[in-house]
1. Yes or no: Arg55 open to solvent by 40 Å² or more (accessible area, probe 1.4 Å) and in contact with a helix residue (DSSP H, G or I) (Cβ under 9 Å, 6 or more places away or on another chain)?
2. Just give me the residues in the range 80-104 being acidic (Asp, Glu) and within 21 Å of Met121 (Cα to Cα), in sequence order.
3. All but one of (1) without any contact (Cβ under 8 Å) to a residue 40 or more places away in the chain; (2) in contact with a helix residue (DSSP H, G or I) (Cβ under 8 Å, 6 or more places away or on another chain) hold for Arg91, so report the exception by its number.
4. Which residue pairs have Cβ atoms closer than 8 Å, lie 6 or more positions apart in sequence or on different chains, and pair a first residue in the range 1-30 that is outside any strand (DSSP E or B) with a second residue that is open to solvent by 80 Å² or more (accessible area, probe 1.4 Å) and modelled with pLDDT of 95 or more?
5. In the range 31-43, how many are without any contact (Cβ under 8 Å) to a residue 60 or more places away in the chain and farther than 18 Å from Ser118 by Cα?
6. Which of the residues that make up the range 96-108 are modelled with pLDDT under 90 and either loosely packed, with under 13 Cβ neighbours inside 10 Å or of a type in the set (Val, Ile, Thr) (or both)?
Amino acid sequence: MTTAFTISIDWDRNNSFTDTYDDVTARVMQVNWFLGMRQPWQDKADNTMLALTVRNDDRRYASENVTSPLFGKVVPQRPVRIQSSDGTTTRTHWVGWVEAIKPAVGRFGERTVQLLASGVMPFYQNTETKLPLQQNKRTDEVIAELIKEVVIPPALSQAWVLGRVGNSEVGTSTYLADTSSYSVLEAGKLTLGMAADNWVIDGGGSDAKKTSFDVYRAIGDITASEGGMEIDTISWN
């Protein structure tokens with residue numbers, strides 16, 4: 001049974017991965033990725049990373065090329081997905097977002113572009129948690145609340161935009177946050193009597209600015225209480 005891989009970039013951020021230029025598989029020259037756990041007994045996953053080298057002989061992926069059908073779309077934070085199918089089962093191996101675009105001119109050789117992509121960790125680390133006190137909740141339930149605080153680049157078709165027809169009808173084109181649609185959390189074994197009570201760092205004096213934990217650090221705090229590992233799975237339906 002033959003297994004076929006498909007590497008796609010959602011240039012329009014419409015959550016389809018099936019638009020005309022989204023499938024880049026035929027142009028891929030080299031691909032390397034990992035999913036976070038690099039060492040034995042690692043208690044926190046590193047950020048997932050992807051390096052993708054694609055042919056660019058027609059300058060399709062040159063962001064400054066105004067004649068490119070992707071002009072204005074070859075920019076960071078475009079979703080990337082790697083899947084495989086054996087004709088019966090489709091598996092998702094990697095998901096993330098474009099982080100950097102590095103073209104190689106190739107004056108005396110092939111013109112290529114290296115696309116670097118990363119997982120969700122930077123969004124967690126750049127978001128300070130404002131979560132109120134959590135009481136009598138399982139560890140996975142607290143983590144689910146933390147994830148809701150993070151603004152992950154959405155497909156525009158699912159984002160709420162004030163006054164924009166097609167992006168502002170609650171329950172029709174826009175839905176309330178539900179982490180189950182983009183994360184898979186193992187049910188926690190521990191129910192915490194209290195959480196989020198120590199995630200504000202006192203700056204010293206009464207007039208000193210206080211800072212809070214970022215979401216990634218707070219998730220680490222919760223997983224440490226379980227004595228387990230922190231592994232986050234992101235997927236698109």
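The values are calculated or read from the model by the stated rules, or taken from the named source; none is laboratory data. This structure is a prediction, so every number in the text was calculated from the model and none was measured. Here Cβ is always computed from backbone atoms with ideal geometry, including for glycine, and neighbour counts include all displayed protein chains. Heavy atoms of the whole protein, side chains included, go into the accessibility calculation; ligands, DNA and RNA do not. Shrake-Rupley method; radii C 1.70, N 1.55, O 1.52, S 1.80 Å.
1. It is true that Arg55 is open to solvent by 40 Å² or more (accessible area, probe 1.4 Å) and in contact with a helix residue (DSSP H, G or I) (Cβ under 9 Å, 6 or more places away or on another chain).
2. Result: Glu99, single match.
3. All conditions are met except number (2).
4. Pairs that qualify, where the first residue is outside any strand (DSSP E or B) and the partner is open to solvent by 80 Å² or more (accessible area, probe 1.4 Å) and modelled with pLDDT of 95 or more, are Phe17/Asp23.
5. 3
6. Passing the criteria: Val105, Arg107, Phe108.
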